[in-house]
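To start, the structure itself, in C-alpha cells.
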Amino acid sequence: QYEAARALGVPIPEAYYPSSPAEVAALAPTLKGYPYIIKPNVAHKWRLASVHRQLRAVKAVLVHDAAELLAEYSRISAVDPAVMIQKVIQGGDERFYCFYGYFDARSQPLGYCVRRKLRQMPARFASSTVMESCENPAVVEHSLRLFQGLGYHGIGAIEWKHDPDTGAL
C-alpha cells in the first residue's frame with residue numbers, strides 16, 4: 001500500500017522494510033531526526049495474544065536512537081521478522097485524522113466521514129478512545145485518491161497525521 005500511495009502522489013511517512021539485522025545495522029546510523037517506530041507489516045499480527053505477550057506491544061515500538069533501534073529490532077525480529085521502520089510524525093493525538101468510507105464495485109464512495117482523534121489509550125500508538133466528527137478536505141482528497149487509485153471496494157479506513165514541522169499530512 002505504501003508503494004501504491006507513493007505512485008499515486010499520496011503522502012506517506014518515511015518508511016523502510018529491512019529483511020535482516022545487517023540491513024538495520026547499516027540503516028540505523030543514517031536515519032535523521034529520531035524517533036522512529038518499528039511496526040508490523042501485517043498490523044493485526046501483533047494483536048494476537050501470543051505475539052503481544054512476547055513483544056509487549058500492540059501497534060508499534062518507539063526507538064529514540066540507533067542503538068535502541070538495533071536492540072529492539074533484534075528482539076522483535078526474533079518473533080516477527082516482517083516489520084517496517086517508520087519515521088514518527090511529531091505532535092499530539094489531536095493531530096490524527098481518520099477517514100472512514102464505503103466504496104462500491106467501481107470504487108465510488110457511497111458514504112464517508114472524517115473524525116479527529118482527541119485521545120487514544122495508551123497514548124501515542126493505540127486505539128482511539130475519544131473522537132469528533134469534523135471536516136478536512138485534504139484528508140478526503142488524499143483518501144479518495146488512494147482508495148480509488150487502488151480500485152478498492154468495501155469498507156475502508158485510513159489514518160492521517162498533520163506534521164507540525166511541515167503542515168502537511
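The values are calculated or read from the model by the stated rules, or taken from the named source; none is laboratory data. Not measured: the values here are computed from a predicted model. All Cβ positions, even for glycine, are placed from backbone atoms using ideal geometry, and neighbour counts span all protein chains on display. When the accessible area is computed, the model is the full protein with side chains, heavy atoms only, and any ligands, DNA or RNA have been set aside. Shrake-Rupley method; radii C 1.70, N 1.55, O 1.52, S 1.80 Å.
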All positions within region 120-140 that are surrounded by fewer than 16 Cβ atoms within 10 Å (Cβ to Cβ) and more than 18 Å from the chain's Cα centre (by Cα): 130, 132, 133, 134, 135, 137
Being hydrophobic (A, V, I, L, M, F, W, C), surrounded by fewer than 17 Cβ atoms within 10 Å (Cβ to Cβ) and closer than 26 Å to residue 165 by Cβ: is that true of residue 22 here? no
Matching residues, region 106-119, being open to solvent by 40 Å² or more (accessible area, probe 1.4 Å) and β-branched (Val, Ile, Thr): none
Being in a loop (DSSP other than H, G, I, E, B) and either polar (S, T, N, Q) or within 14 Å of residue 159 (Cα to Cα) (or both) is true for just one of 59, 117. Which residue is that? 59
Is it the case that residue 104 is among the acidic types (Asp, Glu) and under 30 Å from residue 63 (Cβ atoms)? no
Here are some conditions: (1) within 24 Å of residue 6 (Cα to Cα); (2) surrounded by fewer than 13 Cβ atoms within 10 Å (Cβ to Cβ); (3) not small (Gly, Ala, Ser). Residue 103 meets all but one. Which one does it not meet? (2)
Name the residues in region 59-93 that are open to solvent by 60 Å² or more (accessible area, probe 1.4 Å), closer than 23 Å to residue 160 by Cβ and not charged (D, E, K, R), would you? 90
